[in-house]
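Taking it in order: structure first as structure tokens, then the write-up.
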Amino acid sequence: MNSGKIHNKISLYNTLTRKKETFSPISKKEVLFYSCGPTVYNYPHIGNYRAYIFADTLKRVLLYEGYKVKHIMNLTDVDDKTIRDSQKNNQTLKDFTEFYTKEFLKDIKYLNIIEPKKFTKATDYVDEMVDMTKKLLKKGLAYKSDDGSVYFNIKKFENYGKLSGLILENQKENAQGRMGRIKKDEYGKDNAQDFALWKAWDEADGDVFWETELGKGRPGWHIECSAMSMATLGKQIDIHTGGVDNIFPHHENEIAQSEAATGKQFVKYWMHNEWVLVDQKKMSKSDKNFYTLRDLLDKGIDPVAYRFWLLMANYRTRVNFVLEALEGAETALKRLYNLYLELGADTGRVNLEYQQKFKDFINDDLDTPRALALLWDVIKDENISKADKKATVLDFDKVLGLGFENIKVEKMPEELKKLSREREAARQNRDFKTSDELRKKINTLGYEVKDTEEGQRIYKI
Ligand code: AMP
Ligand code: ZN
């Protein structure tokens with residue numbers, strides 16, 4: 001984004017306007033980008049990782065187009081769930097959330113997710129959350145309830161519902177002309193109510209509280225992200241991401257409290273990934289229909305195969321997770337790795353024609369399925385040199401993040417070499433019975449044989 005640099009047009013689907021828009025950042029200096037991160041109360045399931053792989057892919061597209069990106073992701077280390085489960089485990093909130101934070105950081109490495117510039121922990125920004133709540137109280141947009149909690153009055157914010165399409169008129173008011181109030185962090189659209197900015201301490205919170213000007217208590221979940229985003233990126237940012245289930249109430253509430261506090265538009269582009277389903281139902285902790293990354297590792301599946309599988313679909317379509325499909329994706333990925341290894345040691349020049357096509361795809365609201373198909377086309381193209389193919393694959397991988405750069409030529413085990421020579425000889429003698437037996441033996445060593453016009457090829461499975 002240096003002066004004079006021309007970027008190709010990137011179009012992105014904005015949940016707020018419900019259409020694809022040409023990306024144009026607020027500042028020439030850098031793109032201000034915030035992603036709702038994990039609640040560190042458990043191992044995230046692989047559905048959650050779709051949100052982070054999506055944010056990472058988006059960031060990679062921006063970087064690929066030459067933008068500087070300041071990316072922040074939060075870690076929710078205090079909310080209803082972290083408190084509940086730390087107590088169940090007889091651990092302090094800090095010890096409990098630190099453990100899952102470390103596990104999360106390991107996982108994102110496995111998935112080739114580029115670390116954000118900063119992970120902000122909610123507990124480090126309580127002062128900012130209190131300040132914002134005070135501001136909203138002063139402006140008359142928030143009020144204190146009998147127990148000392150502070151609620152945002154959604155009827156005072158004219159645009160409440162603009163992100164999720166909620167129409168407040170359709171909701172029931174109570175005798176005081178309010179929508180009622182809700183202290184819980186999570187609730188549905190049919191339950192739109194005044195939400196808690198500050199939760200007065202009660203016994204269930206145990207030793208989790210802050211003594212502040214608002215009294216003894218803790219912040220609500222929604223204000224955490226507004227305060228962290230503003231503290232690290234400023235009052236107005238370019239992009240804010242999360243899964244579709246964050247649209248309501250989390251992001252709707254973020255908009256209300258942020259814009260009510262500053263009088264400015266909070267986020268220019270709101271972007272959300274669709275769900276990972278299992279048997280056509282959302283993968284979720286509560287439905288116990290989830291897999292963690294550890295489950296995949298235990299089955300010997302490379303986590304990058306999951307990234308690859310997700311990229312086969314656009315981030316805005318729902319995907320139904322089936323283990324066999326993931327295994328199929330892993331086989332395809334390994335094949336790509338092997339074909340890449342056959343390109344040899346020299347890296348030539350990026351093929352510009354392919355590169356342009358690639359940009360057209362990824363800049364069209366991250367069309368990764370077409371970008372992946374193009375990757376196969378490059379590898380199979382007989383008209384470009386191996387060295388140029390290699391350079392082009394590595395170039396595409398800056399966005400795809402499949403880790404081609406780190407693949408090493410594996411030495412073929414001696415036994416495999418011997419079997420492979422014997423099979424080649426059997427084939428030349430047209431002794432197909434022996435050749436078939438040898439193929440099976442090769443399979444048992446974890447390799448697969450493919451007969452091509454240039455002879456047999458051996459792939460790791
Ligand atoms: P949580 O830790 O529950 O706040 O969720 C972390 C992120 O994962 C949020 O952006 C959610 O929207 C997203 N998410 C949760 N479940 C799924 C799912 N089944 N598929 C895709 N994204 C999900
Ligand atoms: Zn958030």
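The values are calculated or read from the model by the stated rules, or taken from the named source; none is laboratory data. As the structure is a prediction and not an experimental result, all values here were calculated from the model. Neighbour counts are summed over all protein chains in view; Cβ atoms, including those assigned to glycine, are modelled from backbone coordinates with ideal geometry. Accessible surface areas use protein heavy atoms only, side chains included; no ligands, DNA or RNA. Shrake-Rupley method; radii C 1.70, N 1.55, O 1.52, S 1.80 Å.
I'd like to compare 230-243, 177-190: which one has the highest average count of other Cβ atoms within 10 Å, and what's the full order after that? Please report the intermediate quantities before stating the final value.
Values: 230-243: 21.2, 177-190: 14.4.
Top of the packing list down: 230-243, 177-190.
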Exercise. Whole Å is fine, so just give me how far the alpha carbon centre of region 113-145 lies from that of region 359-400.
Key: 42 Å
Quiz item: Which of the peptides 83-92, 398-407 is most tightly packed, and how do the rest follow, going by the mean number of other Cβ atoms within 10 Å of each residue?
Solution: 398-407, 83-92
Quiz item: Looking at region 301-406, what % of the alpha carbon pairs are farther apart than 25 Å?
Solution: 18 percent
Quiz item: Under a point-charge model restricted to the Cβ atoms of Lys and Arg (+1) and Asp and Glu (-1), what is the dipole moment magnitude of region 414-460 relative to its Cα centre, in debye to the nearest 20?
Solution: 100 debye
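Report, please, the projected area of region 275-330 averaged over directions, based on the convex hull of its C-alpha atoms, in nm².
On the way: hull surface 14.8 nm².
Its Cα hull, projected and averaged over all orientations, spans 3.7 nm².
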Practice problem: Scale the Cα Rg of region 11-273 by the rule-of-thumb value 2.2 N^0.38 Å and send over the ratio, two decimals. | Solution: 0.99
Quiz item: Relative contact order, percent, of the chain when contacts are C-alpha pairs under 8 Å separated by at least 6 residues?
Solution: 16 percent
Quiz item: Accessible surface of residue 104 in the full protein assembly, 1.4 angstrom probe, to the nearest 10 Å²?
Solution: 0 Å²
Self-check item: Helix 252-262 axis, angle to the chain major axis (alpha carbon atoms, nearest 10°)
Solution: 60 degrees
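Note the per residue figure in Å³ for the convex hull of the C-alpha positions in region 261-304. Please report the intermediate quantities before stating the final value.
Details: hull volume 7.2 nm³, N = 44.
It comes to 164 Å³ per residue, whole-number rounded.
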Quiz prompt | Cα centroid separation - region 186-230 against region 59-82, whole Å | solution = 22 Å
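Evaluate the relative contact order of region 11-273 (contact order divided by residue number), counting alpha-carbon pairs under 8 angstrom at least 6 apart; express in whole percent. List each step's numbers first, then the result.
Numbers: 438 pairs, mean separation 62.2, N = 263.
So the answer I get is 24 percent.
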Quiz prompt | Surface accessible to a 1.4 Å probe, per residue, for the residues of the chain, Å² | solution = 47 Å²
Quiz item: Using alpha carbons only, how many degrees (0 to 90, rounded to 10) separate the axis of helix 126-138 from the longest principal axis of the chain?
Solution: 40 degrees
Quiz prompt | Between helix 368-380 and the chain: long-axis angle, C-alpha atoms, 0 to 90°, nearest 10 | solution = 20 degrees
Exercise. Could you tell me which of 53, 375, 355 has its Cα farthest along the dipole of the chain towards the positive end, charges placed at Cβ (Lys, Arg +1; Asp, Glu -1), taken about the Cα centre?
Key: 355
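With runs of 4+ DSSP H residues as the only contributors, calculate the mean residue ellipticity of the chain at 222 nm using -39,500 (n - 2.57) per run, divided by the residue total and rounded to the nearest 500. Write down the numbers at each step before the final one.
Details: 14 runs with 184 residues, N = 461.
Rounded to the nearest 500, the figure is -12500 deg cm²/dmol.
If you count the DSSP beta bridges with both ends in region 11-273, what percent of them are antiparallel, to the nearest 5? Could the numbers behind the result be given before it?
Values: 16 of 37 bridges.
Roughly 45 percent of the beta bridges in region 11-273 run antiparallel, per DSSP.
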Quiz item: If we restrict to alpha carbons, what Rg and Dmax does the chain come to, in Å?
Solution: 26.0, 92
Quiz item: For region 27-158, treating each Cα as an identical point scatterer without solvent, what Debye log10 I(q)/I(0) comes out at q = 0.09, 0.22 1/Å?
Solution: -0.37, -1.21
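In whole percent, what relative contact order does region 1-140 give with Cα contacts below 8 Å and a gap of six or more residues?
Values: 147 pairs, mean separation 34.8, N = 140.
It comes to 25 percent, rounded to a whole number.
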Quiz item: Starting at 0 and stepping by 10 Å, how many percent of the alpha carbon pairs of region 367-444 end up in each bin?
Solution: 16, 28, 21, 30, 5
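Hey, got the dipole for the chain? About the Cα centre, +1 on K and R Cβ, -1 on D and E Cβ, debye to the nearest 20? Please report the intermediate quantities before stating the final value.
Details: 77 positive and 73 negative charges, 159 e Å.
Its charge dipole is roughly 760 debye.
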